[in-house]
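Below you'll find the structure, written out as structure tokens, and then a few comments.
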Amino acid sequence: MNLENSDKKGTKTILVVEDSKFMSRRIIETLASAGHNIVANAKNGNEAVNLYMEYRPDIVTMDVTMKGKDGISAATDILNIDPEANIIFLTILNDPKIKEQMMNLGARGVVNKKNTQEILNVIENI
């Protein structure tokens, strides 16, 4: 995990928020292989908010369902701190109402976490 910012064009600093070790590794590998810098990896919503304040990354990939503070609550807190935060929700939930809630909150995208490559497509448009 690279913990420093980069000046490479197109490279983003990213906070990964994911409670599953397997999915976290998969997401980090996908992002790192595309040249992005992972500044931190949070395992729950409370860690996500604290690490966002510490690192101020370009992008946050946010799991939705986590123990304790869930991803929607954590994203709300982050957006209250920084309304310009770029949050991409990663979920296996396929509920249009939840997706609409995330987009209304200010998400830059909602991606099925099984399709990690799609995350890169969303990042390119940020």
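Residue by residue through the stretch 92-108, note down the ones that are within 12 Å of THR61 (Cα to Cα) and surrounded by fewer than 20 Cβ atoms within 10 Å (Cβ to Cβ).
ARG108
Which condition does MET53 not pass, out of (1) in contact with a strand residue (DSSP E or B) (Cβ under 9 Å, 6 or more places away or on another chain); (2) at pLDDT 95 or above, if it passes all the others?
Checking MET53 against (1) in contact with a strand residue (DSSP E or B) (Cβ under 9 Å, 6 or more places away or on another chain); (2) at pLDDT 95 or above, the one that fails is (1).
Give me a count of the residues in the stretch 109-126 that are among the polar types (S, T, N, Q), in a helix (DSSP H, G or I), surrounded by fewer than 17 Cβ atoms within 10 Å (Cβ to Cβ) and touching a helix residue (DSSP H, G or I) at 6+ places or on another chain (Cβ under 8 Å).
Looking only at that region, the number is 1.
Within the stretch 67-75, is there a residue that is within 19 Å of ILE119 (Cα to Cα), assigned to a loop (DSSP other than H, G, I, E, B) and modelled with pLDDT of 95 or more?
no
Taking interchain pairs and intrachain pairs at least six residues apart, which have beta carbon atoms under 7 angstrom, with the first residue in the stretch 37-56 and charged (D, E, K, R) and the second surrounded by fewer than 22 Cβ atoms within 10 Å (Cβ to Cβ)?
Listed pairs, sorted by first residue: LYS43/ASP19.
Can you tell me which residue in the stretch 81-126 is farthest from ALA32 (Cα to Cα), limited to those that are free of Cβ contacts under 8 Å to residues at least 60 places away in the same chain and in contact with a Leu (Cβ under 6 Å, 6 or more places away or on another chain)?
GLY106
The values are calculated or read from the model by the stated rules, or taken from the named source; none is laboratory data. Nothing here was measured: the structure is a model prediction, and the numbers come from that model. For neighbour counting, all protein chains shown are included, and Cβ atoms are generated from backbone atoms with ideal geometry for every residue, glycine included.
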